[in-house]
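> One structure, pasted below without further comment.
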Amino acid sequence: MDLIVATREGLYCPPGGFHIDPWRPVERAVITHAHSDHARVGHGAYLAARAGETVLRARLGDVSLQTLGYGEPVTVNGVRISLHPAGHVLGSAQVRVEHRGEVWVASGDYKLEPDPTCASFEPVRCHTFITESTFGLPIYRWQENSILFGEINEWWRRNAEQGRPSVLYCYAFGKAQRILASVDASVGPIIVHGSVASLNDAYRRAGVALPAALRISEVADKSLLRRALVLAPPSAQGSPWLRRFADHSDGYASGWMRVRGNRRRRGVDRGFVLSDHADWPGLQQAIAATGAERVFVTHGSVHAMVRWLRERGLLAESFSTEYGDEEDGGGDELQPAAGEA
């Protein structure tokens, strides 16, 4: 029997009696990270990386949660479990499962690019690797951070000189904090939507250093808005909240901006290719580093990745899952308290 199998509830470890990122209520859930397609309410007990505890509790409320430091093992029904950095967002982890000499690793979501707001991806050797493939096509290749954030800073600076707010749509959990920690905060004030602010608070409680960022209700001098960088979830586009930033320039930060036409469909002035998922070379590098001879692909460009792996002599299959794409925000943001947006 395989060490991890796909069931109606989600990925399941039969000898251990636990699920990994299940999408229906189960007794025991091992969680790779706090995005809502991977961490859902209703499970009896949760196991997750200690680094993401503040965010996970902010999203799930008062749940029965056990946390582990990265690399710290725990044994459940004879199965040895440990969590290892995935580099995706704060607290994201790969799940290493070992039983009777067999080692499987479930990646969750991951990226290889450096990120000041979370621990960097660490490859884990295994016999079988379960990988995502959100951007598993050759077209998806990311710029170096210095070039990308240089472009964002220049766009913001030019708008500030013209007295126009710069509204940047970005996913509220993970991407917004990465942008906040990486831009040049000397250009002007940074304003954040309430959903972003709530997650910023959780990051700061976890010890992540972020520059000052204000809710709109905290801005006494409204003239400051003309030089501001505004970080907002995609759901804020066209909302009454956005009308407070008159005559603004807007941009969209997503890996999907790599495809020509997506910026036009989003109706924004600028598209910035920024993702918290691995690009095509990153997926190849991560899979190779595991040394796995067998690979399961869970979501994204599944068929293309499976075909590419098979062409290189690996045993490649797919798991049908209900994991989604948090790149677009999809209703996954924390809702701000009344008046905080």
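The values are calculated or read from the model by the stated rules, or taken from the named source; none is laboratory data. Remember, predicted model here, so these are calculated numbers, not experimental data. We place every Cβ from the backbone using ideal geometry, glycine too, and count neighbours over all the protein chains shown. Accessible surface is based on the protein model in full, side chains and every heavy atom, while ligands, DNA and RNA are left aside. Shrake-Rupley method; radii C 1.70, N 1.55, O 1.52, S 1.80 Å.
> Given H placed on each backbone N at 1.01 Å, which residues far from THR321 in sequence or on other chains put an amide H within less than 5 Å of it?
Amide H to amide H, under 5 Å and 5 or more residues apart or across chains, THR321 pairs with nothing.
> Right, something else. Of all trypsin sites (Lys or Arg not before Pro) in the stretch 9-106, which ones are in loop regions per DSSP and have a Cβ with at most 14 other Cβ atoms within 10 Å?
Passing both the DSSP loop test and the Cβ count: ARG100.
> With +1 on each Lys and Arg Cβ and -1 on each Asp and Glu Cβ, and nothing else charged, work out how big the dipole of the chain is about its Cα centre, in Debye to the nearest 20. Please list the in-between numbers first.
Details: 37 positive and 39 negative charges, 115 e Å.
I would put it at about 560 debye.
> While we're on this one: For a quick check: with amide H placed at 1.01 Å from N, whose amide H comes under 5 Å from HIS277's, ignoring anything fewer than 5 positions away on the same chain?
Those qualifying (amide H under 5 Å, at least 5 residues apart or on another chain) number zero.
> Let me ask you something else. Can you list the trypsin sites (Lys or Arg not before Pro) in the stretch 116-157 that are in a DSSP coil and have 14 or fewer other beta carbons within 10 angstrom?
Details: sites: ARG125, ARG141, ARG157; in loops: ARG125, ARG141.
The qualifying sites are ARG125, ARG141.
> How would you order 234-244, 217-227, 84-94, 110-120 from highest to lowest mean count of nearby Cβ atoms within 10 Å?
Numbers: 234-244: 14.8, 217-227: 12.7, 84-94: 27.3, 110-120: 20.3.
My ranking of the peptides, most packed first, is 84-94, 110-120, 234-244, 217-227.
> Residue by residue through the stretch 90-101, which ³J(HN,Hα) values in whole Hz follow from phi under the Karplus form 6.51 cos²θ - 1.76 cosθ + 1.60 (θ = phi - 60°), with glycine and proline marked x?
Result, ordered by residue: 4, x, 5, 9, 8, 9, 8, 10, 10, 8, 6, x Hz.
> Net charge near ALA6, counting Lys/Arg +1 and Asp/Glu -1 over other residues with Cβ under 14 Å of its Cβ? Spell out each step's value before the answer.
Working: positive: ARG8, ARG24; negative: ASP2, GLU9, ASP21, GLU317, GLU322.
Residues near ALA6 contribute -3 overall.
> Could you tell me whether the stretch 184-278 comes out rounded, prolate or oblate from its Cα gyration tensor? Rule is a ≥ b ≥ c as square roots of the eigenvalues, rounded for a/c under 1.5, then prolate if a/b exceeds b/c, otherwise oblate.
Working: a/c = 1.88, a/b = 1.22, b/c = 1.54.
It comes out oblate by the Cα gyration axes.
> With a length cut of 15 Å (Cα positions projected on each helix's long axis) and a Kyte-Doolittle mean of at least -0.5, go through the chain and give me the DSSP H helices that pass.
Values: long enough: 145-161 (24 Å, -0.92); 194-205 (17 Å, -0.64); 280-290 (16 Å, 0.28).
Qualifying helices: 280-290.
> For semi-axes √(5λ) of the Cα gyration tensor in Å, the choices are (i) 36, 22, 16; (ii) 32, 25, 21; (iii) 35, 25, 24; which was calculated from the structure?
Among (i) 36, 22, 16; (ii) 32, 25, 21; (iii) 35, 25, 24, the one calculated here is (i).
> Let me ask something additional. Count the net charge of all other residues whose Cβ sits under 12 Å from the Cβ of ARG141, scoring Lys and Arg as +1 and Asp and Glu as -1.
Once all neighbours under 12 Å are counted, the net charge is -2.
> So, for the stretch 99-194, what is the accessible surface per residue at a probe of 1.4 Å, expressed in square angstrom? Walk me through the numbers on the way to the answer.
Details: 3290 Å² over 96 residues.
For the stretch 99-194, the per-residue accessible area is 34 Å².
> Here is a further query. Given a 1.4 angstrom probe, I'd like the percentage of the accessible area of the chain that is carbon and sulfur, rounded to a whole number.
Working: 6550 of 13670 Å².
It is 48 percent, rounded to a whole number.
> For the stretch 200-304, what is the accessible area per residue in Å² when the probe is 1.4 Å? Let's see the in-between values first.
Working: 4790 Å² over 105 residues.
That works out to 46 Å² for each residue.
> Also, quick follow-up: Points 7 angstrom from Cα along the Cβ direction at VAL5 and GLU322: gap in nanometres?
If labels sit at VAL5 and GLU322, their model points lie 2.0 nm apart.
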